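Notes follow once the structure below has been shown.
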Amino acid sequence: MPRKDGSGKFALAPLIMETVHGRLTIFVNGRARQVSAASTLGELAVDFGLDARCLLVELNCQTLLREEWPGRTLQHGDRVEFIRVVAGG
């Protein structure tokens with residue numbers, strides 16, 4: 001529930017995330033998702049059925065090379081953006 005902070009503006013209570021039954025919370029394209037605590041970025045892309053050849057991935061506002069995806073283990077609160085790349089004229 002929003003509450004007023006000392007400046008009179010509304011502030012949101014901090015989001016508390018914890019591992020529950022081996023799962024953690026991340027955000028994919030702005031939506032909260034539960035994933036296995038050992039999930040990698042590469043596994044997440046496969047789970048979403050995305051074609052890696054036409055995909056740009058940002059993790060916490062940092063663009064990653066495709067070669068980095070398999071080794072990048074997801075952490076609590078990570079923000080992942082999947083962006084489909086389309087070429088044409």
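Some notes on this structure:
- Strands (runs of 3 or more DSSP E) within region 18-83 that include 2 or more residues free of Cβ contacts under 8 Å to residues at least 24 places away in the same chain: 31-36, 62-64
- Count of region 38-79 residues which are within 14 Å of the chain's Cα centre (by Cα) and surrounded by 15 or more Cβ atoms within 10 Å (Cβ to Cβ): 14
- Taking the numbered list (1) more than 11 Å from Val80 (Cα to Cα); (2) modelled with pLDDT of 55 or more; (3) among the hydrophobic types (A, V, I, L, M, F, W, C) in turn, Leu15 passes all entries but (2).
The values are calculated or read from the model by the stated rules, or taken from the named source; none is laboratory data. No experiment lies behind these values; they were computed from the predicted model shown. Neighbour counts are summed over all protein chains in view; Cβ atoms, including those assigned to glycine, are modelled from backbone coordinates with ideal geometry.
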